Structures are given as structure tokens and as C-alpha cells.
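Everything below concerns the one structure shown next.
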Amino acid sequence: MSKKNDVISEFDKARLQEVIDSIRAQSSDNRPWSMGDKLQERLEKSEALDPKDIPADTVTMNSIVRVRDLDTDKVGVYNLVFPSDSKPLEGLFSVLSSLGIALFGSRIGAVVEWETPKAHKNLEIVGIIYQPEAAQHWTL
């Protein structure tokens, strides 16, 4: 059995599985669904913990993270949200986006790969400004 390195909250896992299942149920075909499949794979490879046991350095749903672009050294702030709350121009990135999937479950110090329409980016997670579990906001 393979070791699960990433951790996610049981609460996030259940809600994200519902999102994936709902979108798949609305689909009229059985073609592969890239972002949903990637998120499903992430859920399956992660260990689900009680929200109270999630380390404070882990990016969870509704976390606000500070990242540094390793190519430009530019620092940005992103909020990882559910698809219905996505507003990329305001820094609210869906967990079903390439950036969202890269950030979800990662930890401070990790370098994540992000595919944009124009380039391949490497971002270092340099801090977490807000994480619901660390703030004891168990149902966000």
C-alpha cells in the first residue's frame, strides 16, 4: 500500500466529492474530465483527517495563501475556493482550476507547478494568511 503524503480534512473531502459527483452526473458523455479527474486523484492519494488535526501549514479549502513566482520573484496572494465562488481577477481561484489543484493540500515551503494558457509556472508557497482549520472555523 502506498503512503499518503498529502492531508485534507474529512469535511473538505466530502464536499469536494459532492462537487465532482454533481458535475459528472450533469455530463451527457463519459469522456475524461481533466480537472475533475485530477482533483479526484488528489482526493484518493490524500489522507483525510479530522479538521482539528489538519496542520496549520497546509492549504485547505478557503485558505488564503501567499506565493512567490520562482521565475519573476513576484509575490501574490490567492484564495482557494469552491467553483461557484471563483473570481480569478479578484484572486479567488477554484479548486477545479490548474492553480487550485496545485495549491490544494500543499504545504508552506512546497513548490507547485501551475499551467497557464501561456506558460508553465513554478510557485513557492511562502505563507498561509488564513486557514479555516487553524482559525477553528470548522464549517467553512
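Computed from the coordinates by the stated procedures, all read-outs in this text should not be read as laboratory data. Since the structure is predicted, the reported quantities are computational estimates derived from the model, not experimental observations. Every residue, glycine among them, receives a Cβ derived from its backbone with ideal geometry; neighbour counts consider all protein chains shown.
A simple count of charges around ASN79, restricted to other residues whose Cβ falls under 13 Å of its Cβ and scoring Lys, Arg +1 and Asp, Glu -1, yields 0. Candidate values (1) 12.9; (2) 11.4; (3) 9.2 were compared with mean projected area of the Cα convex hull in nm² computed on the shown model; the agreeing label is (3).
Annotation: the residues THR58, THR72, sorted from fewest to most other C-beta atoms within 10 Å of their own C-beta, follow the order THR72, THR58. Note on ASP85 and ALA25: their simple-model spin labels are 2.2 nm apart, each label 7 Å out from Cα toward Cβ. Estimated at 0.36 nm per residue, the fully extended path between TRP138 and ARG107 surpasses their Cα-Cα distance by 9.3 nm. Its relative contact order, with pairs defined as Cα atoms under 8 Å and 6+ residues apart, puts the stretch 5-90 at 32 percent. In the chain, the sites counted are trypsin sites (Lys or Arg not before Pro) in DSSP loop states with at most 12 other Cβ atoms within 10 Å, and the longest stretch holding none of them, exclusive of the sites, is 5-73.
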